[in-house]
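The values are calculated or read from the model by the stated rules, or taken from the named source; none is laboratory data. Computed from a prediction, not measured in an experiment: that's the story for all the values here. In this analysis, Cβ positions are derived from the backbone assuming ideal geometry, glycine residues included, and neighbour counts consider all displayed protein chains. Accessible surface areas use protein heavy atoms only, side chains included; no ligands, DNA or RNA. Shrake-Rupley method; radii C 1.70, N 1.55, O 1.52, S 1.80 Å.
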Amino acid sequence: MLFENYALNAVALKNRIVMPPMTRSRAGAGDVATDMMAEYYAQRASAGLIISEGTQISQQGQGYAWTPGIYTESQIAGWKKVTDAVHQAGGKIFAQLWHVGRVSHTTLQPGHAAPVSSSAIQAEGVKVFVDVKGCGPESGVGEMLQHTMPRALTAEEIPAIVNDYAQAARNAIAAGFDGIELHGANGYLINQFIDSQANLRDDQYGGALQNRLRFMKEVVTAVSNAIGKERVGIRLAPLTTLMGSRDDTPEATYLAAASVLNDLGIAYIHIAEADWEDAPVMPAAFKEALRLIFRGTLIYSGKYTRARAEEALQNDWADLIGFGRPFIANPDLPYRLQHDLPLNQPVKEQFFGGGKAGYIDYPPAK
Ligand SMILES: Cc1cc2nc3c(=O)[nH]c(=O)nc-3n(C[C@H](O)[C@H](O)[C@H](O)COP(=O)(O)O)c2cc1C
């Protein structure tokens, strides 16, 4: 099934293989996507769907050095080169829209202000990659620093951030993307509103579950109004606690989130499963419940192999499967999977920052 076509609403995918969002920290000056990035994504256009690396919707939304943005004219023009290259190579590409919330550092923030979050809680031990000395992405040299203590957003400030998401979605369409994925996973801003231990607010955005889901709901509604709900997806990480974001009752919380998203009628939910060694396996019962609640497309990513992917499709847990690290090292991953060819192994040291090496020089099999 993995190699069959799939209609993601109006976006025709040639197979069910997704390249999930992966930050590579190689943007140019002004956080603009570069020609090298266009080449990297075009090399991987045999995926049914590519989702871009996390792309900040505003300077406030940035948490790491050298990640690309989508809020200035030059950033839109940079991404246009990427989407043109992918389309020319026969691929489809969505933009992952990212606001990191508290997972940032004053040096990345406008006016070196404190980062913002649902609540003023610092996630201890959560570090961000900062280019303190201004060495630039080619050098790959920076420092890992504890993220800065955030301040809680006031309710009055929230509409402006929701609007930043909507504008970023419009910009993504102007840049030629086929749709957008909201980054609601891995402990970033949307997740900081959802998870009970990250959100201690006592206003309409905190406390009761439906209140903690309000920010997500407002953002999804705004981007849907901006570009059409059929081109909107969201990434969620229900059972992981990345970046220090925890929920007391994750299964109940995320099934409720799925129900809200179903009512809003967006195109897909992309589940980020735990992906480290010895990670707990997401229970099949949770996947089955999610399927019953959310009627749109379901994508799963996290340590998938061809065999696990086929199992997830056969069991009807998933419609599309993301392969992350394998795509970093294998530009022609679908071909290799289909023909059971050996895979190149990714070089972790070259994941973030640097030049061509470990980025556009992994050899195809054919
Ligand atoms: C280098 C790297 C960067 C990543 N950056 C992002 C990101 O920007 N946004 C996101 O939602 N997930 C990100 N992820 C998580 C991946 O999308 C994916 O869920 C994860 O790698 C698990 O899939 P895999 O086991 O097939 O690699 C990143 C993963 C890697 C390895």
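Candidates in segment 195-213 are the residues that are open to solvent by less than 50 Å² (accessible area, probe 1.4 Å) and over 18 Å from Leu261 (Cα atoms); of these, the one that is farthest from the chain's Cα centre (by Cα) is Asp203. Scanning segment 69-102 for residues that are open to solvent by less than 10 Å² (accessible area, probe 1.4 Å) and among the small types (Gly, Ala, Ser) gives Gly69, Gly78, Gly91, Ala95, Gly101.
Screening Ala267 on (1) in contact with a strand residue (DSSP E or B) (Cβ under 7 Å, 6 or more places away or on another chain); (2) within 15 Å of the ligand (Cβ to nearest atom) shows it passes everything except condition (2).
Can you name the residue in segment 27-68 that is among the charged types (D, E, K, R) and open to solvent by 10 Å² or more (accessible area, probe 1.4 Å) and, of all such residues, is farthest from Glu138 (Cα to Cα)? Reasoning before the result, please.
Kept after step one, since they are among the charged types (D, E, K, R), are these residues of segment 27-68: 31, 35, 39, 44, 53.
Now drop any that are not open to solvent by 10 Å² or more (accessible area, probe 1.4 Å), which leaves 31, 35, 39.
Working: Asp31: 13, Asp35: 14, Glu39: 16 Å.
Among those that are among the charged types (D, E, K, R) and open to solvent by 10 Å² or more (accessible area, probe 1.4 Å), it is Glu39.
Of the residues making up segment 287-311, those that are open to solvent by 20 Å² or more (accessible area, probe 1.4 Å), within 12 Å of the ligand (Cβ to nearest atom) and not in a helix (DSSP H, G or I) number 2.
Any idea which of Ala284, Ala318 is closer than 23 Å to Leu242 by Cα, over 17 Å from the mean Cα position of the chain (by Cα) and open to solvent by 30 Å² or more (accessible area, probe 1.4 Å)? One residue alone meets the criteria, Ala284. A count restricted to segment 332-356 and to residues that are part of a loop (DSSP other than H, G, I, E, B), open to solvent by 10 Å² or more (accessible area, probe 1.4 Å) and within 15 Å of the ligand (Cβ to nearest atom) stands at 8.
Which of the following residues is under 21 Å from Leu264 (Cα atoms), in a loop (DSSP other than H, G, I, E, B) and hydrophobic (A, V, I, L, M, F, W, C): Ala166, Ala185, Ala120, Ala172? Give the steps one after another, and end with the answer.
Numbers: Ala166 fails: in a loop (DSSP other than H, G, I, E, B); Ala120 fails: under 21 Å from Leu264 (Cα atoms); Ala172 fails: in a loop (DSSP other than H, G, I, E, B).
Sole residue among the options that is under 21 Å from Leu264 (Cα atoms), in a loop (DSSP other than H, G, I, E, B) and hydrophobic (A, V, I, L, M, F, W, C): Ala185.
Would you call Gln88 polar (S, T, N, Q), in contact with a Ser or Thr (Cβ under 6 Å, 6 or more places away or on another chain) and closer than 30 Å to Asn15 by Cβ? Let's see the steps before the verdict.
Numbers: polar (S, T, N, Q): yes; in contact with a Ser or Thr (Cβ under 6 Å, 6 or more places away or on another chain): no; closer than 30 Å to Asn15 by Cβ: yes.
Answer is no for this residue.
Quick check on segment 237-281: of everything there that is of a type in the set (Asp, Glu) and open to solvent by 40 Å² or more (accessible area, probe 1.4 Å), which residue is nearest to Met216 (Cα to Cα)?
By that ranking, first place goes to Asp263.
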